[in-house]
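The block underneath contains the structure these notes are about, expressed in structure tokens.
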Amino acid sequence: MNSPTILIGFSSASLPLGEMPFVREWSASGLRAGLAFPPAISSVAAWTSVMTGVGPAQHGIFDFYRRQAPQSQQLRVLASRDLSCETIWAALDRAGQKATILNYPMTFPAPKMEGHVMPGSWVSAKRLKLGCYPSGLYAELGALDGVDLNNPAAEPLLRMLLYLMEKDRSDLSVVLIRDKGPLDFAAIDRQIEHVVSAAGPDATVLLISEPNADNVSINGWLAEHGYLTWAASANGSAADGKVLETADLNRQAALIDWTKTQAWCPPCGGNGIFIVSETPNFRTRLMEELSSAEGLSRVWKQEELYPGPFQELAPDLVVELSGITEGILLAAGPAIQRGAPFTRIPLSSVTPILLYTLGLQMPGEIEGCVPAEVLNPDWLAAHPLLSAGSNSNREADKPLIDPAAEEEILQRLRGLGYIE
């Protein structure tokens, strides 16, 4: 028997328990722990690791973009088809179970599975209609009170989750909140109370808060030290802006004077530096200078962080910012030990916990394990951990539509005047 599982994630937002009375009381009945994130990992890579159980060098996702090919200077935005390994929801589908995924990266095109998918803020408005699964989900969710699917905020996302839980419950429900503005944690607390109540006593609920690192302009430092030069047409805000498609990356790249630039960090986000210069030992010199920059904790070489099959597609250098490096994990449910005596666990333990509560086998390739002290001994005695051994022969997730079909659909919609 599995425990229906709900994961609510907060991207770059600490959870102030003092402002969340329900969450504070609820989590006292389960697990409260600091969550150690791998050094210098991007938000996109971290949340992808949660759903695959492996690091960026194995699943191939370093950020929302990566190199087209090793040694290439061309970058492209990534999609679900770029995942190199299986996700939890693919394993669920193979086991005949369902998942609901809201506002999560690497879910467009929608993975082939039973349940619900709404990629939300990770795709452009023109692709969001195509990205929701089943096909009627876009209109269904868009009709809910206060919901704007093109700008999914925290409370509407939790309202969508509650609606789908009450209408057609899934074995796994996942929602990621990534508001850019200030969050109303008192209102979020009330919404989470409704979700936990609707989930019932048999469900396991996990809340994850990602570290909120300091904000440092890597390109500002590179420009100040003469390693990056903006084109004459660029202005203070032109390099900013949302990047949802490769064309957006290209527009940002066009704002750089490449004849005078030796290194750059895509302005859309992330702390990976791509080196353009072919000067011998340039990377070593740049790394040494960056190491003394204010607001930076450490500079990592590509091979130090990402030894693995996708290493050469990673940024040449990755900057680790100063500030908070630990998130928060709160969890409660029948599988979780009440008052679990943990102060800090690694991010890699989240995937095994999810697999265990869902009654799925533990693949041999995942990088973490379930800390025994987290689990309710009575539940563990009745539900032993299941190991599947090596999964090296299993294929990565398959999206519902391939790139050619996706573009054909977009062309038809343009012809009918539905999108620009």
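The values are calculated or read from the model by the stated rules, or taken from the named source; none is laboratory data. What you see is a predicted model, and the numbers here were worked out from it, not measured in a lab. Cβ atoms come from the backbone with ideal geometry, glycine included; neighbour counts cover every protein chain shown.
List, please: which pairs have Cβ atoms under 9 Å, are six or more places apart or on different chains, and start with a residue in region 79-92 that is in contact (Cβ under 8 Å) with a residue 60 or more places away in the chain and crowded, with 23+ Cβ neighbours inside 10 Å and end with one that is of a type in the set (Gly, Ala, Ser) and in a helix (DSSP H, G or I)?
Thr87/Ser80
Counting only residues that are closer than 25 Å to Glu365 by Cα and either surrounded by 19 or more Cβ atoms within 10 Å (Cβ to Cβ) or touching a residue at least 60 places away in the same chain (Cβ under 8 Å) (or both), how many does region 94-103 have?
6
As an exercise: evaluate Phe108 against (1) in contact with a Gly (Cβ under 7 Å, 6 or more places away or on another chain); (2) outside any loop (DSSP other than H, G, I, E, B); (3) under 30 Å from Glu140 (Cα atoms) and give the number of the one condition it does not meet.
Against the list (1) in contact with a Gly (Cβ under 7 Å, 6 or more places away or on another chain); (2) outside any loop (DSSP other than H, G, I, E, B); (3) under 30 Å from Glu140 (Cα atoms), Phe108 comes up short only on (2).
Go through region 17-98 and tell me which strands (runs of 3 or more DSSP E), entirely inside it, have 1 or more residues that are closer than 20 Å to Gln311 by Cβ and of a type in the set (A, V, I, L, M).
Qualifying strands (runs of 3 or more DSSP E): 75-77.
Does region 240-251 contain any residue that is surrounded by fewer than 18 Cβ atoms within 10 Å (Cβ to Cβ), in contact with a strand residue (DSSP E or B) (Cβ under 9 Å, 6 or more places away or on another chain) and more than 27 Å from Ala79 (Cβ to Cβ)?
No - not one qualifying residue is present in region 240-251.
Only residues that are in contact with a Lys or Arg (Cβ under 9 Å, 6 or more places away or on another chain), more than 30 Å from Arg285 (Cβ to Cβ) and modelled with pLDDT under 90: list them for region 235-268, please.
Gly241 - this is the single residue of region 235-268 that is in contact with a Lys or Arg (Cβ under 9 Å, 6 or more places away or on another chain), more than 30 Å from Arg285 (Cβ to Cβ) and modelled with pLDDT under 90.
Determine the pairs where a residue that is buried (at least 18 other Cβ atoms within 10 Å of the Cβ), located within region 358-380, has a partner that is in a helix (DSSP H, G or I) and of a type in the set (Val, Ile, Thr) with Cβ atoms under 7 Å apart, the partner being 6 or more residues away or on another chain.
These pairs meet every condition: Ile366/Thr351; Gly368/Thr351; Val370/Ile353; Val374/Ile353.
Checking Val147 against (1) in a helix (DSSP H, G or I); (2) in contact with a Leu (Cβ under 8 Å, 6 or more places away or on another chain), only one condition comes out false. Which one?
(1)
Pairs only if they're at least six apart or on different chains, beta carbon under 9 angstrom, first in region 118-139 and under 19 Å from Leu249 (Cβ atoms), second acidic (Asp, Glu); list them, first residue then second.
Val123/Glu245; Ser124/Glu245; Ser124/Asp248; Lys126/Glu420; Arg127/Glu245; Arg127/Glu406
Any idea which of Ala198, Ala234, Ala223 is surrounded by fewer than 19 Cβ atoms within 10 Å (Cβ to Cβ), more than 19 Å from the chain's Cα centre (by Cα), under 27 Å from Ala91 (Cα atoms) and among the hydrophobic types (A, V, I, L, M, F, W, C)?
Every option except Ala198 fails the conditions.
Name every residue in region 166-195 that is farther than 19 Å from Leu92 by Cβ, hydrophobic (A, V, I, L, M, F, W, C) and not in a helix (DSSP H, G or I), in order of residue number.
The answer is Ile177, Leu183.
Hey, Gly115 hits all of (1) closer than 24 Å to Gln311 by Cα; (2) surrounded by 20 or more Cβ atoms within 10 Å (Cβ to Cβ) but one; which does it fall short on?
It fails just one condition, (1).
Does any residue of region 78-91 turn out to be closer than 30 Å to Ser322 by Cβ and at pLDDT 95 or above?
Looking for residues that are closer than 30 Å to Ser322 by Cβ and at pLDDT 95 or above, one finds at least one in region 78-91, hence yes.
Filtering region 309-337 down to residues that are in a loop (DSSP other than H, G, I, E, B) and under 26 Å from Pro371 (Cα atoms), which residue is modelled with the lowest pLDDT?
Step by step, filter region 309-337, then rank; the result is Ile324.
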